[in-house]
Amino acid sequence: MGCGASRDPGVGRRGRPGSVGEVVVFLPGLRVPRTVDFPLALGDRLDRSTVEKLSALRARVVEMAMQESAAALKPRRRAAAAAARHGGSSTANLLQALEEYLPVLLGLVKGSSELRNKVQFVWANQEDDAEETSMADAWYEVLSVLHLMAMVCFLQANSLLLPRSYGDGYGPRVSEESRRATVDVFLKAAGYLDCAVNQVLLQIPPEKRRALPVDLAEGNLKALSLQGLGQGVDMQLGLAIDNPKATLAVKRRLACEMVKYWQQIKDSIPELPLSDGWAKKHTLFVKWKYAEAKAAAYYFHGLILDEGDTEKSHEMAISSLQASEEFLKESKRASEAFHSTPPTSRISTPFGTTKYLLDRITKDTLSKLQNNQDLYTQQRTSNTGTSQTITPPPPLPDFPLALNPEEYELPKLDPLWKKEVNH
């Protein structure tokens, strides 16, 4: 199961489990909403039916988020047979509950400022030092809902990317269909987060924005949105690797795009409190995937350079392949550190890009070195016997980024608010 475990809302932060199962897609836990009393805060300002609908929809979200969080705490793989398309019925139901809550919730921010700031909303944090954050601003609630919607998508993607048996005589694997489906899920998550940054965060006054938990900091929201795009390109690259018609140029382009996404993630992510397990795991996940992306990019770049017919091109090819090998080693170390950091997680069976790199980089680098033994020996001698890369690797090509978040607009107000206008 995914790295989406949140502590049980009834248990203290230190009561987290030691393990969260298999992880392919990182998410920093689930921020679970606390119960609020709408009748007490709004009973004398809104029609009773409006208050009751708000209460019922949010209570459903609270209950389902708590259940999903509790399920995520269990260190076991979700049963593949029970998983529906897009990662299982429980996450799909939670996402639907959040989508149904939003149009009613938005009535609080479209009305008077008094209505907007009347309810004290409380959510549990995951990466922040503070246990929870309370704020009397309905835009904070909207922001928290969008963040949770994106994290539910990440949970769905992780579930889709765990190997499962198909009863066809072959071992457990991640199907091409599942990998294609996750691209759409990743883009949807990125769209929710993009909306959170560009449409919602700006509605919160600067002084309140500074009080937001690190989970909802602008840099963190941007980094998570970019993660959706980066992991989406990773799936595309894996599918291209499996496609015999895909050229080296296509694979190199996708790998170089992946490097740019993870570089942007690295630049966007805020300084996280590394004393906390989720925040430390988040930092290590970025380090792991960034190194893996560079390993892929230098590998395919090296193979293309090796197609040249000059000594210089072969020299650059070897340095690129050696760089890819070093980055692969770095990604392995970061992966091991990520999975061993509490709450610990298990490495899922490699597939797609990761499996291909593990199978090919070291073997192909050695083969190219043997084929160019004279050049390599000459360069090693001039470098006083060092076994590191014979020359600095050439720069990677710069390609424009092709993937964008799925466009998401906040929904229209629920029709019940028309009645409130006439009330």
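Brief remarks on what is shown
- Selection of region 308-339 for residues being more than 30 Å from the chain's Cα centre (by Cα) and within 16 Å of residue 360 (Cβ to Cβ) yields 317, 318.
- Of residues in region 140-168 being more than 16 Å from residue 215 (Cβ to Cβ) and small (Gly, Ala, Ser), the one nearest to the chain's Cα centre (by Cα): 157
- Every residue from region 115-147 that is closer than 30 Å to residue 284 by Cα, of a type in the set (A, V, I, L, M) and out of contact with any Phe, Trp or Tyr (no Cβ under 9 Å at 6 or more places or on another chain): 122, 124, 130, 142, 143
- Residue within region 237-250 that is open to solvent by 10 Å² or more (accessible area, probe 1.4 Å), within 28 Å of residue 31 (Cα to Cα) and part of a helix (DSSP H, G or I) present: no
- Yes/no for residue 188 being modelled with pLDDT of 95 or more and in contact with a helix residue (DSSP H, G or I) (Cβ under 9 Å, 6 or more places away or on another chain): yes
- Breaking point among (1) among the β-branched types (Val, Ile, Thr); (2) under 24 Å from residue 178 (Cα atoms); (3) in contact (Cβ under 8 Å) with a residue 12 or more places away in the chain, for residue 247: (3)
- Counting only residues that are without any contact (Cβ under 8 Å) to a residue 40 or more places away in the chain and either touching a strand residue (DSSP E or B) at 6+ places or on another chain (Cβ under 7 Å) or of a type in the set (Asp, Glu) (or both), region 158-198 holds 2 of them.
- Test: residue in region 93-104 that is open to solvent by 70 Å² or more (accessible area, probe 1.4 Å), in contact with a Pro (Cβ under 6 Å, 6 or more places away or on another chain), modelled with pLDDT of 90 or more and under 30 Å from residue 39 (Cβ atoms): no
- Filtered residues of region 204-219 (kept if out of contact with any strand residue (DSSP E or B) (no Cβ under 9 Å at 6 or more places or on another chain) and closer than 11 Å to residue 128 by Cα): 214, 217
- Counting only residues that are among the polar types (S, T, N, Q) and more than 23 Å from residue 224 (Cα to Cα), region 159-212 holds 2 of them.
- Considering only residues in region 369-423 that are of a type in the set (Val, Ile, Thr) and part of a loop (DSSP other than H, G, I, E, B), the one that is modelled with the lowest pLDDT turns out to be 386.
- Filter pass, residue 326 being at pLDDT below 95 and among the charged types (D, E, K, R): no
Matching residues to (1) open to solvent by less than 30 Å² (accessible area, probe 1.4 Å); (2) more than 30 Å from residue 308 (Cα to Cα); (3) of a type in the set (A, V, I, L, M, F, W, C):
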| residue | (1), (2), (3) |
| --- | --- |
| 183 | yes, yes, yes |
| 205 | no, yes, no |
| 231 | yes, yes, no |
| 253 | no, no, no |
| 258 | yes, no, yes |
| 262 | yes, no, yes |
| 267 | no, yes, no |
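- Taking the listed residues 327, 285, the one that is in contact (Cβ under 8 Å) with a residue 12 or more places away in the chain, in a helix (DSSP H, G or I), open to solvent by 30 Å² or more (accessible area, probe 1.4 Å) and in contact with a helix residue (DSSP H, G or I) (Cβ under 9 Å, 6 or more places away or on another chain) is 327, with no other qualifying.
- If the condition is being basic (Lys, Arg), in a loop (DSSP other than H, G, I, E, B) and open to solvent by 10 Å² or more (accessible area, probe 1.4 Å), then region 18-57 contributes 34, 45.
- One residue stands out among those in region 65-88 that are open to solvent by 70 Å² or more (accessible area, probe 1.4 Å), farther than 20 Å from residue 35 by Cβ and not hydrophobic (A, V, I, L, M, F, W, C): the one that is modelled with the highest pLDDT, which is 74.
- Residue 146 meets the conditions (1) within 17 Å of residue 29 (Cα to Cα); (2) open to solvent by 60 Å² or more (accessible area, probe 1.4 Å); (3) of a type outside the set (Val, Ile, Thr); (4) modelled with pLDDT of 95 or more in every case but one. The failed one is (2).
- Residues (surrounded by fewer than 24 Cβ atoms within 10 Å (Cβ to Cβ) and under 15 Å from the mean Cα position of the chain (by Cα)) located in region 207-217: none
- Every condition in (1) open to solvent by 30 Å² or more (accessible area, probe 1.4 Å); (2) hydrophobic (A, V, I, L, M, F, W, C); (3) farther than 25 Å from residue 178 by Cα; (4) over 13 Å from the mean Cα position of the chain (by Cα) holds for residue 272 except the one numbered (1).
- Test result for residue 305, over 19 Å from the mean Cα position of the chain (by Cα) and open to solvent by 20 Å² or more (accessible area, probe 1.4 Å): yes
- Residue, most open to solvent (accessible area, probe 1.4 Å), within region 308-324, restricted to residues that are without any contact (Cβ under 8 Å) to a residue 12 or more places away in the chain and part of a helix (DSSP H, G or I): 312
The values are calculated or read from the model by the stated rules, or taken from the named source; none is laboratory data. Here the structure is a predicted model, which means the values were calculated and not measured. Neighbour counts are summed over all protein chains in view; Cβ atoms, including those assigned to glycine, are modelled from backbone coordinates with ideal geometry. Surface areas here come from the heavy atoms of the whole protein model, side chains and all, with no ligands, DNA or RNA. Shrake-Rupley method; radii C 1.70, N 1.55, O 1.52, S 1.80 Å.
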